[in-house]
Amino acid sequence: MTGQDWIEKDFYAALGVPKDADDAAIKKAYRKLARQHHPDQNQGDAKAESRFKEIGEAYAVLSDAEQRKQYDALRAMAGGGARFQAGGPGGGAGGFEDIFGAMFSGGAPAGAGQQRFQTGGGGFEDILGQMFGGGGAGGFGARRAGFQTAERGADLAAATTLDFRTAVQGATVELGIDGKKVTTRIPAGVNDGQKLRIRGKGRPGTGGGEAGDLVLTVHVKPHPVFTLSGRDLRATVPVTFVEATLGAQVDVPTLSGETVTLKVPAGTPSGRVLRVKGRGVGTAKGTGDLLVTVQVAVPQKLSKKAKEALEAFAAASDHEDVRADLAARAAQV
């Protein structure tokens, strides 16, 4: 068997077993196939004879723990069976097969004969050392084998706190991360607790691997009037009982410092949300709105005249029971 055979032949498929098959399963599969394709049972059948030989080669490798380990590793490195050639057109000397010939046959050129792979001394670690320039026995690893696997750098975590107006408008901030300064743009409309992933600002990679990311958690200080909801701003605006009942035009502040006039329809209940278009957060995806929650303010003190007027209103009302169906709804399952 030549060096290239180990790369090209799938011994697991030859025996019809999965790659994680245990020794018992491998032996059972071999015995069954060997009986089926034995030359004594198939005299004059060249195909059966070839299959019997293939089964024997596969079992010889997979039944030996050390050889199986080496076979699995080499197949994994070669991508499961690709043929490698080096040199000019036509696959001149120095190809992958020559490397295995040198490793497994004491330096004989590839194709010099049929050899079984044998390892001694440092074992498979020495083999990879010879392949990739590491040389000698010792702990096998990517660096010792003469190459370094490209690995992505680790992600880093950080946090920053913004005032409400800055979070709404967006800002460029400078952060001290892992002993260095990182400048990044925080988009408009970031919410409290939102995490931003900043590509390539984490730890550097090794062996040519890409850098990790910076995962930035943004905290936003509360505002006394406004809250943020996606691209919309929210505010609660108090109105009087008379304004809510009869309707009114009320002035509402905006985050920019301007005021807008909001129409409160007659009969507006406390808790109703009215929308002011285009007064929310401006982002690349569009501008949100200002959502105003109406809160009917109940006076804590009344003058004698106001109290008398309110009592007169109550006497003149139609005495509608606003809680008429409350008990019935509460009894529903």
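A few notes on this one:
- Distance violations [Cα-Cα > 19 Å] among K27/K69; K28/K53; K263/K307; K221/K277; K263/K301: K263/K307; K221/K277; K263/K301
- Segment 273-333: C-alpha gyration tensor shape, a/c 1.5 cut-off, then a/b vs b/c: oblate
- Using the Cβ-Cβ distance between R35 and A154 with R0 set to 45 Å, the FRET efficiency works out to roughly 0.25.
- Projected label distance in nm at A297 and E8, using a 7 Å step from Cα toward the beta-carbon: 9.1
- Applying the Karplus relation 6.51 cos²θ - 1.76 cosθ + 1.60 with θ = phi - 60° to segment 229-240 yields 3J(HN,Hα) values of 9, x, 8, 9, 9, 10, 8, 9, 10, x, 10, 7 Hz, where x marks Gly and Pro.
- For segment 170-199 and segment 21-61, distance of Cα centres in Å: 64
- Distance between the modelled labels on H319 and V242, one decimal in nanometres: 2.7 nm (7 Å Cα→Cβ projection).
- Amide hydrogen neighbours beyond the local backbone of Q194, cut-off 5 Å, H modeled: V218
- Maximal additional length on extending the A21-A284 stretch stands at 89.1 nm, based on 0.36 nm per residue less the C-alpha distance.
- When each of K19/K195; K201/K285; K19/K201 is checked by Cα-Cα distance, pairs over 31 Å: K19/K195; K19/K201
- The value of relative contact order for segment 226-300, using C-alpha pairs under 8 Å at least six residues apart, is 39 percent.
- Relative packing of peptides 222-229, 166-173 - highest average C-beta neighbours within 10 Å first: 166-173, 222-229
- About its Cα centre, the dipole of segment 191-333 is roughly 680 debye, where the only charges are +1 on Lys and Arg Cβ and -1 on Asp and Glu Cβ.
- With the highest mean first, a sort of the peptides 39-49, 260-270, 315-325, 279-289 on other beta-carbon atoms found within 10 angstrom per residue produces 279-289, 260-270, 39-49, 315-325.
- Net charge over other residues, Cβ less than 15 angstrom from the Cβ of A315 (K, R count +1; D, E count -1): -3
Each value in this text was obtained by applying a stated rule to the coordinates, not by laboratory testing. On a predicted model such as this, the values are computed, not experimentally measured, just so you know. Quick reminder, even Gly has a Cβ in these numbers, built from the backbone with ideal geometry, and neighbours come from all protein chains shown.
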